Every structure is written in C-alpha cells, then in structure tokens.
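Here the structure comes first, spelled out in structure tokens, and everything after it is commentary.
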Amino acid sequence: MLQFVICRPVTSVIALIAYHFQMYSEHNYGLDNFYIYLFVINNISYTLALYGLTLFYISTSELLLPFNPLPKFLCIKGVVFFSFW
C-alpha cells in the first residue's frame, strides 16, 4: 500500500511536466500522450492499494475483533476509492 503514497505524487509531477511540454491532455488516449500511461499506472496502484487493504483486513480481523475494525477499514478504503474518482 505504500506504493500508493509514492506513486500518486510522482505521476502528478510527471503529468505537470508533460502538460508543460504539451504532451499531456486528459481524455486523449493516443500513444503519443502521457495521459494513457499515467492513467494505467494510477489504476494499477489503486487496485493494489485496495487489494492490500482487503488482505490486511482479512488477516487481522479476528485479532482486532475487540476493537471493531470494520468502520475504520471502510473509512480508509473509502478515502482510497473516492480519491480515485
């Protein structure tokens, strides 16, 4: 999940640099545009982050049962999911 914390700012900086050189345009899916590559990288990063959160919850749910981890897990998962949209 740490890759999400690193990947998102890095891809944002790359997008800013590519935009400055007119090589980035949203919703332009051409192979000569950085948008499609950054889009795919971000989607993979989001998917891995949500998958990691799910595995973490499944593996620790019994140990953390006295602390009621489900609302906290859903809150963190919601932040990751809604930051995507």
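Note on the range 60-85: among residues that are charged (D, E, K, R) and over 22 Å from residue 42 (Cβ atoms), the one that is farthest from the chain's Cα centre (by Cα) is 62. Within the range 9-21, residues that are in contact (Cβ under 8 Å) with a residue 60 or more places away in the chain reach no partner that is open to solvent by 50 Å² or more (accessible area, probe 1.4 Å) with beta carbons closer than 7 Å at six or more positions or on different chains. Could you give every pair whose Cβ atoms fall below 7 Å, whose first residue belongs to the range 25-47 and is free of Cβ contacts under 8 Å to residues at least 12 places away in the same chain, and whose second residue is among the hydrophobic types (A, V, I, L, M, F, W, C) and part of a helix (DSSP H, G or I), counting only separations of at least 6 or pairs across chains? Every condition considered, the pairs that remain are 29/36. Would you mind stating whether residue 72 is among the basic types (Lys, Arg), open to solvent by 90 Å² or more (accessible area, probe 1.4 Å) and in a helix (DSSP H, G or I)? Judged against the criteria, residue 72 is a match. In the range 71-85, the residues that are closer than 11 Å to residue 50 by Cα and modelled with pLDDT of 80 or more reach residues that are hydroxyl-bearing (Ser, Thr, Tyr) and open to solvent by less than 70 Å² (accessible area, probe 1.4 Å) with C-beta atoms within less than 6 angstrom, at least six apart or across chains, in these pairs: 73/57. Only a single criterion out of (1) open to solvent by 80 Å² or more (accessible area, probe 1.4 Å); (2) modelled with pLDDT of 90 or more; (3) part of a helix (DSSP H, G or I); (4) of a type outside the set (Ser, Thr, Tyr) is not satisfied by residue 63, namely (3).
The values are calculated or read from the model by the stated rules, or taken from the named source; none is laboratory data. Nothing here was measured: the structure is a model prediction, and the numbers come from that model. Neighbour counts run over all protein chains shown; Cβ positions are idealised from the backbone, glycine included. These area figures cover heavy atoms from the full protein model, side chains too; ligands, DNA and RNA do not enter into them. Shrake-Rupley method; radii C 1.70, N 1.55, O 1.52, S 1.80 Å.
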